[in-house]
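The values are calculated or read from the model by the stated rules, or taken from the named source; none is laboratory data. Predicted model only: the values in this text are computed from it and were never measured. Using ideal geometry, Cβ is built from the backbone for each residue, glycine included, and neighbour counts are taken over all protein chains shown. To get the accessible areas, we keep the full protein, side chains included, count just its heavy atoms, and leave off ligands, DNA and RNA. Shrake-Rupley method; radii C 1.70, N 1.55, O 1.52, S 1.80 Å.
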Amino acid sequence: MKNKQSVLRKVSLAGAFLLVLWVCWYDLGGITIRLWDESRMAVNALEMYDSGQYWVTTFDHQPDLWNTKPPLMIWLQVLSLNLFGIHDWALRVPAALAATVTFTAIFHFCYRRLHDFWLGILSIGVLAASCGYIQVHITRTGDFDPLLILWTVLAAFNFFIFLEHHRIRSFYATCAFFGLAVMTKGVAGMMFAPGVLLYTMYRGQLRRVLTSRHTYIGILLFLLIALPYYFIREYYNPGYLQAVAHNELGGRFLNNLEGHGHPWYWYLPFLVSDLYIEWTPVALLGLFFLWKERNSGSTMNRGVTYAAILLLTYLTVISISKTKLQWYLAPVFPFAALVSAYALCFIGKKIYFGQGRAWRAGRYLFPALLLLVISKNVYYELYTPDHHEQLNDINYYLRDQYAAEKNAKPLLVFTPGYQPHIWWYIRTTARKGQPLSNGSSMRIRPGVRVLVAQRDVAILKGFVVDTLYRTNFIGVFDIKDKKQL
């Protein structure tokens, strides 16, 4: 019997390892760079790569005072570009690595600290099949969030170890990881602090923490990691701190920025319907089982209770915030995975060790349903994530077709408005020697070859054109002459 259990554990661990590699690294450069954070960061990283100026992030070769986050993630992307070359997937290597370490940390915490192997395996399975974590803009793209999630997870886990075992170095690690979280995404790096404080009070250890000298040494360590960049950047880029105050220290939390204002409950139906639909009832069961077993005294119960408190307080904080965006939910998923896995462990123990016939009937159905949900969600996110549309198809054309053309004719890419994901491809394709530029309709004249989205093709109505390439979303045209009125 023990031999069978050992084999089952080894097979499950190998399966979890392959699942992590699959969701984090499979076809990392398959989809093109996405609009908003990833593409702006891509331009930031490319300009930093070219200039060698590491303190001031720039956009269009000017100090970037819209993306005011500290540049830890961008530094890692520049390092990756230096190591691997200028590729889409190179920008995403730091995110994939951060996600891989996050999965590893969750398993290690469950197995070594909460003393439950299956809680670790099931947490990996739930998180890997949580669309809100593995989707585009989170784990699968070069955004801030995967690195932010890594630091907050490591900080939270180390604080739990500190409370459980009075291990001072774990408290210092907590402070250091929170400092790195701030260096990744500013104030967002401290969004779990209320939950940490609440759990400390719940455990009746607030007085011990506040009266310890190590607390204040740890806070100093946090400040030494989190704050110096802000003052260095202000020295090189006066006005930076004012921009940070507007964007982070009051702007996004107290005001509706960029039209992203929603009711306080906006995240709840979104969380249930679009991101975590299969696991939401399981997570609710986990909360119920935690309450039912609240007097068990087990380390596992305390650890998952801690995760639940972090989950609920974080949701409360972002729900109070005036500015709401889908990816603000991302940091909750590791903790929601722990709560869900706790419920699955509870049910699994009833199925495999219970005496009732009804429980025994689920011995084959239980793993089959788990594998079905995990496979479905992972397949959807990895193989059907890119719904083609006009501006993304411009990126695919530039990257996969025009960049490979021999003796290509100069190409004008018509990109009105804010389109940094297209600008990335214009710049990277031009670096390969292809003659192209972006511009306005004023530059469209006879003799020019133009790439334009279908939505903007009306700008060519005054010209005689030859159609060289066309899809439902984009077209490439040679401008032959002006039409006679």
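Taking label positions 7 Å along the Cα-Cβ direction at both Glu248 and Arg363, the computed distance is 5.5 nm, reported to one decimal. Pairs spanning more than 22 Å between alpha-carbon atoms, out of Lys432/Lys461; Lys69/Lys432; Lys10/Lys349; Lys406/Lys432; Lys406/Lys461; Lys409/Lys432: Lys432/Lys461; Lys69/Lys432; Lys406/Lys461. Based on the Stokes-Einstein relation at 25 °C and a viscosity of 0.890 mPa s, and on the Kirkwood radius from alpha carbon pairs, the chain is assigned a translational diffusion coefficient of 99 µm²/s. Taking 18 Å as the straight-line reach from the Cα of Lys350, the lysines in range (excluding those fewer than 8 positions away in the same chain) are Lys292. Here Leu284 and Asn82 are evaluated by their C-beta separation; at R0 = 51 Å the FRET efficiency comes out at 0.65. Partners of Lys185 within straight-line reach, counting aspartates and glutamates whose Cα lies under 16 Å from its Cα and excluding those fewer than 8 residues away in the same chain: Asp37, Glu38, Asp64, Asp143, Asp145, Glu248. Using a probe of 1.4 Å, the accessible surface attributed to Val282 totals some 20 Å² when neighbouring protein chains are kept in position. Between Asp466 and Ser51, the modelled labels are 4.2 nm apart [label points 7 Å from Cα along Cα→Cβ]. Here the peptides 140-151, 301-312, 165-176 are ranked by packing, the mean other Cβ count within 10 Å, and the order with the highest first is 140-151, 301-312, 165-176. Volume per residue for the range 63-123 equals 129 cubic angstrom (convex hull of Cα atoms). Packing, taken as the mean count of other beta carbons within 10 Å per residue, orders the peptides 96-105, 50-59 from highest to lowest as 96-105, 50-59. Per-residue ellipticity at 222 nm computed for the chain from its helices equals -18500 deg cm²/dmol, with DSSP H segments shorter than 4 residues left out and the rest contributing -39,500 (n - 2.57).
Under the criterion of Cα pairs below 8 Å and six or more residues apart, the relative contact order for the chain equals 16 percent. Along its first, second and third principal axes, ordered by size, the range 16-79 spans 43, 21, 20 Å in Cα coordinates.
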